[in-house]
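What follows is a single structure, written as structure tokens, with notes after it.
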Amino acid sequence: MSPVPAVPADPTAVHPMPGQPRVVLLKPLVTSELIEVGAYSYYDDPDDATAFETRNVLYHYGPEKLVIGKFCSLGTGVRFLMNGANHRMDGPSTFPFPTMGGSWADHFDLLTGLPNRGDTVVGNDVWFGYGSTVLPGVRIGHGAVIGAGSVVVGDVPDYGIVGGNPAQLIRTRYDDVTVTRLLAVAWWDWPIELITRHIRTIMSGSVDALEAAAQEGTS
């Protein structure tokens, strides 16, 4: 009797956990062309997790994008501040008068050319702790961990752990050689059937075992 094949989780299910509406997969949820999310990245929030686009991605007036990789874990209250949050600071007032309407709108040119740090890009397998905030244009590497309550104002290296306000690098999860090996394996890009067969290795195995599993996928 042949073994029953392992069945991957459904990447199209908005609510992947039965009876837990607080958890949503973001890829099938988001509709904005300015937000890109990889498969299986999720957000957890007891207060309407499905409102992620409007409650957690703020000041997103374009054209910059928010890009989130695959297999990312976003805790309750994670927020991404986009470039639309910027105000002028080269004059006496920072108030955005033209946005209030009336004849003030005639001065909308005063709001053009504001600082724009470009896209906000999150790698794969990144864990965001409760209430963390990411400022515009930040780049977060693969396998990084963002501590609860952190305010991320600068780039985070692959497999880095950051915390605080402003967030500082606490340590890296692995040494440089091991990080290079992990990036070469890039398990998040494996066929989903291979990932499914090696869940235990991905979650708790050694890097050697992960590399061996990767070879299975090329044979």
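State which residue is modelled with the lowest pLDDT when the search covers only the stretch 52-63 and only residues that are open to solvent by 50 Å² or more (accessible area, probe 1.4 Å) and within 29 Å of Gly149 (Cβ to Cβ). Before you say what the answer is, go through the steps one by one.
Kept after step one, since they are open to solvent by 50 Å² or more (accessible area, probe 1.4 Å), are these residues of the stretch 52-63: 54-55, 59, 61, 63.
Next cut, within 29 Å of Gly149 (Cβ to Cβ) only: 54-55, 59, 61.
On the way: Thr54: 95, Arg55: 97, Tyr59: 93, Tyr61: 87.
That would be Tyr61.
State whether the residues of the stretch 86-101 include one that is closer than 19 Å to Val152 by Cβ, open to solvent by less than 30 Å² (accessible area, probe 1.4 Å) and part of a loop (DSSP other than H, G, I, E, B).
Pass one, the stretch 86-101, residues closer than 19 Å to Val152 by Cβ: 86.
From the residues that got through so far, the ones that are open to solvent by less than 30 Å² (accessible area, probe 1.4 Å) too are none.
Checked the stretch 86-101: no residue is closer than 19 Å to Val152 by Cβ, open to solvent by less than 30 Å² (accessible area, probe 1.4 Å) and part of a loop (DSSP other than H, G, I, E, B).
Quick check: anything in the stretch 64-80 surrounded by fewer than 11 Cβ atoms within 10 Å (Cβ to Cβ) and without any contact (Cβ under 8 Å) to a residue 60 or more places away in the chain?
Restricting attention to the stretch 64-80, the residues satisfying the condition of being surrounded by fewer than 11 Cβ atoms within 10 Å (Cβ to Cβ) are none.
No, that holds for no residue.
Just checking, which of Ala186, Ala144, Ala167, Ala148 is on the phi > 0 side of the Ramachandran plot and either of a type in the set (A, V, I, L, M, F, W, C) or under 18 Å from the mean Cα position of the chain (by Cα) (or both)? Walk me through how you get there before you give the answer.
Details: Ala144 fails: on the phi > 0 side of the Ramachandran plot; Ala167 fails: on the phi > 0 side of the Ramachandran plot; Ala148 fails: on the phi > 0 side of the Ramachandran plot.
After applying the criteria, what remains is Ala186.
For the stretch 102-121: of the residues being closer than 19 Å to Glu64 by Cβ, modelled with pLDDT of 95 or more and not aliphatic (A, V, I, L, M), which is least open to solvent (accessible area, probe 1.4 Å)?
Restricting to residues being closer than 19 Å to Glu64 by Cβ, modelled with pLDDT of 95 or more and not aliphatic (A, V, I, L, M), the top hit is Thr120.
Confirm whether Pro98 is modelled with pLDDT under 95 and more than 30 Å from Leu194 (Cβ to Cβ). Give the steps one after another, and end with the answer.
Values: modelled with pLDDT under 95: yes; more than 30 Å from Leu194 (Cβ to Cβ): yes.
Taking the combined requirement at face value, the residue satisfies it.
I'd like the full set of residues that are closer than 19 Å to Thr120 by Cβ, of a type in the set (Asp, Glu) and not in a strand (DSSP E or B), limited to the stretch 26-53.
Residues satisfying the conditions are Glu33, Glu53.
When you look at Val177, is it modelled with pLDDT of 95 or more and within 19 Å of the chain's Cα centre (by Cα), yes or no? First the steps, then the outcome.
On the way: modelled with pLDDT of 95 or more: yes; within 19 Å of the chain's Cα centre (by Cα): no.
The answer is no for Val177.
The values are calculated or read from the model by the stated rules, or taken from the named source; none is laboratory data. This structure is a prediction, so every number in the text was calculated from the model and none was measured. Here Cβ is always computed from backbone atoms with ideal geometry, including for glycine, and neighbour counts include all displayed protein chains. We work out accessible area using only protein heavy atoms, side chains counted, and drop any ligands, DNA or RNA first. Shrake-Rupley method; radii C 1.70, N 1.55, O 1.52, S 1.80 Å.
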